[in-house]
Each structure stands twice: as C-alpha cells, then as structure tokens.
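K.L.:
One structure coming up, written as structure tokens, with questions to follow.
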C-alpha cells in the first residue's frame, strides 16, 4: 500500500478524518434526497394524490438505498480501526437510483 | 472458486476481466475516500439537476409558449440522469488508475455539465422572452 507522507499517527488521523468527511458526504446525499421528497410529498398532499406520488416513491427508495449503503451496510461490514471504502457495486447502485429518479420524472411528464 | 477462475478464466476458457480489487495494489485509502466523495458530489449535482427539472415541469405556472416548461425541464432531467451514470464511470476509472499507479484519466464531466447548463439557460431565456 502506497502512503502519502507523515508519521504513523499522522496517517491514522488523516485516514480517520477522510473517513468522517466521506460519511458526512453520504449523509448529505441522503438528506438531499429526503429534502426533494419533502417538496414532492407536500405537492402530493395538496393534490390529493397524483402522479407526483410515483416520483415520491422513487425518491424515497433512492434515499433509503443511500442511507443503507452509505451508513448502515458499511457499519455492519467494517472492522474496528480499519479503513473500509465502499465497493464499486454500492456506488453504482447510487448512480442507478439517481437515474431511476430521472426516469420516473420523464415517465410522469409523458403520462401527464 | 474453480481452478480456471483462479487463473483468471471463466468456464468457457476465455480470459475473465479482472475485478477492480484484483488490479494493481491498494492505493492510500485517503485517495479512495476522496474519489468516493467526488462521486457523491457529482451524484448530488445530478440529483439537483433532475429535481430542478421536475420542479419546472410540476410546479411552475405554464408559459404562454406551448411546451415551454418541457423545453426547460426535460433537458435538465436528461442531463442529470446521464451525469449520474457517467460520474460512476469516472469514479471507476480514477480508482483503476490509482491502483495501477497511473495518472488520473482526463474527465469530460465538467465540460458536459458546463455546456449542458449553458444550453438549458439559453433555452430558458428564449422561452421566457418568446412566452411573455
């Protein structure tokens, strides 16, 4: 494993901080999805249920996946005091979930 | 794991494409985390584009120009959807390059985003002016 310079203690601290920043980034991603969901849920509520509900479900699914992958699944997998980056498939799941939200948006536009 | 798979071949005997974690050596994990955060930033940018597109379609009052909202909203959603997939590919290529000790590959993502947003802005201006 190639390491950027510094003593062992420096390296451990830098790794731990990088890991925290990354977990915060996952948290922001989940919150961004939930924020979008809140806006749509309000619209669905006002309309008494409409095609926006379809989008709301897509957003909720993507948000849940983001939290599950970014925080829960990763916590279950990681061992103490050892770095554990996410795996390619987990990041691909997020990319596909984001695309699914876009597709639902397109479908709702065509239908309504 | 069969002997053929050990040698990097699948059951038909053709060479199997190596998995990411089998290539090169583990890079400094801080770089892996930085790459992951960059991907997440791109995915949030994609989401912002998609949600903005949906908001244009669902929440804006109609323009006097027929299809005006769609002209603005649909490209936003398409751009966001494409970006989310391309950003994963970029993450993968960066990770691969770091594992193999190669320089990071050049990225087309910022250009695609900048040109896409600029084009949509032009469309929005035209729709706003014509649809008055």
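K.L.:
Considering only residues that are assigned to a helix (DSSP H, G or I) and either modelled with pLDDT of 90 or more or within 24 Å of residue B:100 (Cβ to Cβ) (or both), look in region A:5-16 and name the one that is farthest from the other protein chains (Cβ to nearest Cβ). Full working, then the answer.
P.N.:
First, the residues of region A:5-16 that are assigned to a helix (DSSP H, G or I): A:8-16.
This time we only want the ones that are either modelled with pLDDT of 90 or more or within 24 Å of residue B:100 (Cβ to Cβ) (or both), so: A:11, A:14-15.
Values: A:11: 9, A:14: 6, A:15: 6 Å.
Here the answer is A:11.
Residues are listed down the side, and each one gets a yes or a no for (1) modelled with pLDDT of 90 or more; (2) more than 23 Å from residue B:45 (Cα to Cα); (3) more than 11 Å from chain B (Cβ to nearest Cβ):
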| site | (1), (2), (3) |
| --- | --- |
| A:57 | no, no, yes |
| A:65 | yes, no, yes |
| A:71 | no, no, yes |
| A:83 | no, yes, no |
| A:87 | no, no, no |
| A:95 | yes, no, no |
| A:98 | yes, no, no |
| A:109 | no, no, no |
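K.L.:
Exactly one of (1) under 26 Å from residue A:31 (Cβ atoms); (2) touching a residue at least 40 places away in the same chain (Cβ under 8 Å); (3) more than 14 Å from chain A (Cβ to nearest Cβ) is unmet by residue B:109. Its number?
P.N.:
For residue B:109, the exception is condition (3).
K.L.:
Which of (1) under 20 Å from residue A:40 (Cβ atoms); (2) surrounded by fewer than 20 Cβ atoms within 10 Å (Cβ to Cβ) is the odd one out, the single condition residue B:76 does not satisfy?
P.N.:
Failed condition: (2).
K.L.:
Within region A:91-112, take every residue that is closer than 15 Å to residue B:35 by Cβ and buried (at least 19 other Cβ atoms within 10 Å of the Cβ) and give me the one that is nearest to the chain's Cα centre (by Cα). Full working, then the answer.
P.N.:
Step one: of region A:91-112, the residues closer than 15 Å to residue B:35 by Cβ are A:91-92, A:94-95.
Remaining after also requiring buried (at least 19 other Cβ atoms within 10 Å of the Cβ): A:91, A:94-95.
Numbers: A:91: 9, A:94: 6, A:95: 9 Å.
That would be A:94.
K.L.:
Let me ask something additional. Give me the pairs: first residue in region B:42-65 and in contact (Cβ under 8 Å) with a residue 60 or more places away in the chain, second residue surrounded by 15 or more Cβ atoms within 10 Å (Cβ to Cβ) and not in a helix (DSSP H, G or I), beta-carbon distance under 8 Å, and six or more apart or on different chains, which are they?
P.N.:
Taking only residues 6 or more apart or on different chains, the pairs are B:63/B:131; B:64/B:131; B:65/B:131.
K.L.:
Just name the residue that is nearest to the other protein chains (Cβ to nearest Cβ) out of those in region B:70-93 that are farther than 18 Å from residue B:115 by Cβ and in contact (Cβ under 8 Å) with a residue 40 or more places away in the chain.
P.N.:
B:88
K.L.:
Can you tell me which residue within region B:25-69, out of those that are within 10 Å of another protein chain (Cβ to nearest Cβ) and in a loop (DSSP other than H, G, I, E, B), is surrounded by the fewest Cβ atoms within 10 Å (Cβ to Cβ)?
P.N.:
Out of the qualifying residues, it is B:25.
K.L.:
What number goes with the only condition from (1) in contact with a helix residue (DSSP H, G or I) (Cβ under 6 Å, 6 or more places away or on another chain); (2) within 9 Å of another protein chain (Cβ to nearest Cβ) that residue A:35 does not pass?
P.N.:
For residue A:35, the exception is condition (1).
K.L.:
May I ask you to say which residue of A:2, A:29 is within 11 Å of chain B (Cβ to nearest Cβ), within 30 Å of residue B:99 (Cα to Cα) and modelled with pLDDT of 75 or more?
P.N.:
Working: A:2 fails: modelled with pLDDT of 75 or more.
When all the criteria are applied, what remains is A:29.
K.L.:
Quick check: is even one residue across region A:25-33 free of Cβ contacts under 8 Å to residues at least 12 places away in the same chain and assigned to a loop (DSSP other than H, G, I, E, B)?
P.N.:
Looking through region A:25-33, none of the residues is free of Cβ contacts under 8 Å to residues at least 12 places away in the same chain and assigned to a loop (DSSP other than H, G, I, E, B).
The values are calculated or read from the model by the stated rules, or taken from the named source; none is laboratory data. None of these values were measured; they are calculated from a predicted model. We place every Cβ from the backbone using ideal geometry, glycine too, and count neighbours over all the protein chains shown.
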